[in-house]
1. Identify, please: which residue in region 313-371 is of a type in the set (S, T, N, Q) and farther than 15 Å from ALA260 by Cα and is, among those, surrounded by the most Cβ atoms within 10 Å (Cβ to Cβ)?
2. Test ARG203 against the stated conditions and say whether it is among the charged types (D, E, K, R) and surrounded by 19 or more Cβ atoms within 10 Å (Cβ to Cβ).
3. Quick one: in region 298-330, of everything that is closer than 24 Å to CYS197 by Cβ and of a type in the set (Asp, Glu), which residue is modelled with the highest pLDDT?
4. Going through VAL196, VAL212 one at a time, which residue ends up being within 20 Å of the chain's Cα centre (by Cα), among the β-branched types (Val, Ile, Thr) and not in a helix (DSSP H, G or I)?
5. Can you tell me which residue within region 215-244, out of those that are under 17 Å from ASP274 (Cβ atoms) and of a type in the set (Gly, Ala, Ser), is farthest from the chain's Cα centre (by Cα)?
6. Spot the failing condition for VAL378; the list is (1) under 20 Å from HIS87 (Cβ atoms); (2) out of contact with any strand residue (DSSP E or B) (no Cβ under 9 Å at 6 or more places or on another chain); (3) at pLDDT below 95, and only one is missed.
Amino acid sequence: MRRVAYALPVVLVLVTLLAVLGPTQVDADDPGSRSGPLVNRQAREAIRWGTSYLVELQQADGSWPSDAGKKINETYDVFQNGKKISHVGTTSLAVLALLAGGHMPGRGPHGDVMERAIGFILSQVRHNGYIAGGGTRMYSHAFATLALAEVYGVSRTERVREKLQLAVEFTVKCQNATGGWRYVPFTNDSDMSVTVCQIVALRAARNVGIKVPRATIDRALSYIIQSAISENDHPPGPKGAYWYQPYDKRFNRPSFALCAAGLTAMFQAGLYDDDQVRSHIKRFKIRRRSAPPAIADSVDYMDNAYWQVWHRRGHMGPDHYFFYYGNYYGAQAMYQIGGQDPARWRSWYTRVRDHLLERMNPVKTADGKTQAFWRSNVDDTNAYATACALLILQFPLDYLPIHQR
């Protein structure tokens with residue numbers, strides 16, 4: 001695993017430059033031209049069809065619809081009157097999916113779509129920086145913050161920067177004593193899945209010049225390290241996996257999705273190898289019953305646990321939102337690993353690419369054009385799953401700065 005320090009000035013200059021340059025529209029209509037054989041003909045078609053479907057789902061206010069609710073263990077409970085609302089989180093994922101395909105605000109065939117979507121997200125930023133509406137919560141706040149950071153990186157629009165700064169300040173204030181975040185602001189407990197969303201958003205904001213306190217990242221890293229499962233942990237768990245909550249393991253459920261989240265959080269916060277992890281533990285005097293697992297152990301666990309999800313049908317299977325959430329972060333983790341181990345990245349991407357193509361649902365429009373969508377149990381608009389599928393399929397295109405190595 002390569003070693004890259006989070007605060008190295010050269011790295012930050014390069015990453016910030018990538019964010020300023022951003023995606024180009026040149027290849028947006030030919031996905032795969034930048035990626036060699038990984039994005040094959042079938043994947044290119046799926047990206048075009050899925051993008052067309054997603055664009056047509058956009059509502060008049062610039063948003064995408066979804067259900068507002070809350071995750072309860074492994075299910076999703078829709079709030080009263082929360083069906084098909086203008087959803088902050090789903091809209092943000094749609095914006096990221098379009099950016100990941102090389103589509104720019106105000107330019108190209110979907111420039112107006114992007115502008116309307118950005119306008120919607122900005123309209124949902126409250127005076128204190130919390131980005132929410134219709135019952136959405138901290139997941140959506142994080143995805144919206146990430147989307148604004150990536151948009152600001154390619155546009156340098158001042159109104160985007162102002163709202164992004166507010167959103168980052170709110171995220172920093174919401175971090176609790178555990179070092180993590182939870183579903184709603186200013187709670188005393190936290191969990192891995194919400195925490196990783198905030199870390200990725202903060203990293204993206206930092207890359208484009210927004211001030212993020214180093215102490216916030218360090219506390220979050222301590223939380224992530226405490227969540228990693230070693231052989232001698234009690235209660236016992238699979239080596240290399242991550243606990244849902246490191247401070248209360250009575251109801252923990254290690255999973256493919258949580259491991260993908262944990263690895264992505266580690267990499268985005270600047271820990272790329274085992275020596276850096278040990279150094280952080282020593283520096284911040286993190287208490288663990290045993291040494292943390294090697295990063296390679298976590299990669300192996302995530303790679304193997306993927307199959308447990310894929311082979312399920314129905315509950316917790318490939319139509320569950322965990323599948324899309326997990327693979328969105330699995331793609332980020334494996335793509336970073338691919339900088340040192342290209343064969344492993346190619347193997348992982350090829351597998352998930354083919355599985356997403358298998359789960360794709362092509363449809364014909366009234367004028368005979370082909371579109372495609374993906375389903376999940378979150379809602380029946382298909383916007384969430386389609387946006388996530390597009391993000392995953394488009395990773396090798398390397399357009400989004402936050403995903404670049």
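1. First, the residues of region 313-371 that are of a type in the set (S, T, N, Q): 327, 332, 336, 340, 347, 350, 361, 365, 370-371.
Next, from what is left, pick out any that are farther than 15 Å from ALA260 by Cα: 340, 347, 350, 361, 365, 370-371.
On the way: GLN340: 14, SER347: 13, THR350: 14, ASN361: 15, THR365: 11, THR370: 13, GLN371: 20.
Out of the qualifying residues, it is GLN371.
2. Working: among the charged types (D, E, K, R): yes; surrounded by 19 or more Cβ atoms within 10 Å (Cβ to Cβ): yes.
The answer is yes for ARG203.
3. ASP303
4. Working: VAL196 fails: not in a helix (DSSP H, G or I).
Every option except VAL212 fails the conditions.
5. Taking the candidates together, the pick is SER230.
6. Here VAL378 meets the rest and fails (2).
Per-residue answers, yes or no, for (1) touching a residue at least 40 places away in the same chain (Cβ under 8 Å); (2) over 24 Å from GLY101 (Cβ atoms); (3) part of a helix (DSSP H, G or I):
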| residue | (1), (2), (3) |
| --- | --- |
| GLN308 | yes, yes, yes |
| ARG346 | yes, no, yes |
| ASP354 | no, no, yes |
| GLU358 | no, no, yes |
| PRO362 | yes, no, no |
| ASP367 | no, no, no |
| SER376 | yes, no, no |
| CYS388 | yes, no, yes |
| TYR399 | yes, no, no |
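Residue by residue, here is whether (1) more than 18 Å from the chain's Cα centre (by Cα); (2) hydrophobic (A, V, I, L, M, F, W, C); (3) closer than 25 Å to ARG206 by Cβ holds:
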{"site": "CYS259", "(1), (2), (3)": "no, yes, yes"}
{"site": "MET266", "(1), (2), (3)": "no, yes, yes"}
{"site": "ASP273", "(1), (2), (3)": "yes, no, yes"}
{"site": "ILE281", "(1), (2), (3)": "yes, yes, yes"}
{"site": "ARG287", "(1), (2), (3)": "yes, no, no"}
{"site": "SER290", "(1), (2), (3)": "yes, no, no"}
{"site": "PRO293", "(1), (2), (3)": "yes, no, no"}
{"site": "ASP297", "(1), (2), (3)": "yes, no, no"}
{"site": "ASN304", "(1), (2), (3)": "yes, no, no"}
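The values are calculated or read from the model by the stated rules, or taken from the named source; none is laboratory data. Note that the coordinates shown come from a computational prediction; the quantities given were computed from them, not determined experimentally. Cβ atoms come from the backbone with ideal geometry, glycine included; neighbour counts cover every protein chain shown.
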